[in-house]
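I have placed the structure first, in the form of C-alpha cells, so that the comments after it can refer back to it.
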Amino acid sequence: VVVIAAVAIYLGVRSQLRGEVDDSLRERAALVGRVADDRPFGMPPDGRFPAPPPERFGGAEGSAQIVLPSGDVLRGLGGGEAVPVSRRTRQVARGEGPSESFADTEVAGTHLRVLTRALSGGGAIQLARPLEEVDRQLDKVLLVLLVVGAAGVALGAALAAVVARTALAPIGS
C-alpha cells in the first residue's frame, strides 16, 4: 500500500508540474503566434527574433523558432542551440495532422519540453522550455517518498512483529 501510494503521489505531482509547463508554453505560443500570424511565415518585422534570455534555451521563458512548411527553421540571433525538427513538427508546419503537439527531447544535455503549434499563415512556431527545475523538484519528491515509504514499511514491520509476538505468547508458554 505504501509503494502504491508513493507511486500515485509521484505521478500526480509529475503531472501537475508538467501541466503547468505545458500551460505556460501554450500561453507564450498564443502571444508569439499573434505576432507571427501577421507576418509571412511568422517573420518578425525586422526579420529577426529577439534574443532569448542568457540561460540555455531561454530558461523559464523558453526559446522560440519558426519552422517553415519546407522544414527550414528561422531563429533569432544569439539563440543558442536549435531545437530539433522532427517528422511530427514538419507535419504540423505543413498543416498535416494535429495543429499542436508536445514532445520531450534532450539537446546538448538539456531536457526540454517542446510545443509545436501551427500558424494560420503556414508554418509552425516551436517553443522549447528546459525542464531542469521540474526534474529537480521531482527528484526531491522522489527522495522524500523513498524515505517516508521506507520508514512506513519499517514501522509496519516493527508493529507486525510486536503484534505477532503478543498473539503468539500464549502458544510459547
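In the stretch 60-173, counting only strands (runs of 3 or more DSSP E) that sit wholly within it, the ones holding 2 or more residues that are basic (Lys, Arg) span 110-118. Taking the conditions (1) open to solvent by 60 Å² or more (accessible area, probe 1.4 Å); (2) more than 17 Å from Arg18 (Cβ to Cβ) in turn, Glu132 satisfies each one other than (2).
Among the residues making up the stretch 74-129, those that are open to solvent by 20 Å² or more (accessible area, probe 1.4 Å), in contact with an Asp or Glu (Cβ under 7 Å, 6 or more places away or on another chain) and touching a residue at least 60 places away in the same chain (Cβ under 8 Å) are Phe102, Arg113, Arg117, Ser120, Gly121. Within the stretch 135-149, the set of residues being open to solvent by 20 Å² or more (accessible area, probe 1.4 Å) and of a type outside the set (A, V, I, L, M, F, W, C) comprises Asp135, Arg136, Gln137, Asp139, Lys140. When Phe49 is tested against (1) buried (at least 21 other Cβ atoms within 10 Å of the Cβ); (2) modelled with pLDDT of 65 or more; (3) in a loop (DSSP other than H, G, I, E, B), only condition (2) is not met. Listed by first and then second residue, the pairs linking a residue in the stretch 147-161 that is more than 9 Å from Val2 (Cα to Cα) and in contact (Cβ under 8 Å) with a residue 40 or more places away in the chain to a residue that is open to solvent by 80 Å² or more (accessible area, probe 1.4 Å) and of a type outside the set (A, V, I, L, M, F, W, C), with Cβ atoms under 7 Å apart and 6 or more places separating them unless they lie on different chains, form an empty list.
The values are calculated or read from the model by the stated rules, or taken from the named source; none is laboratory data. In this text, all values refer to a predicted model and were calculated from it rather than measured experimentally. Virtual Cβ from ideal backbone geometry, glycine too; neighbours counted across all protein chains shown. These area figures cover heavy atoms from the full protein model, side chains too; ligands, DNA and RNA do not enter into them. Shrake-Rupley method; radii C 1.70, N 1.55, O 1.52, S 1.80 Å.
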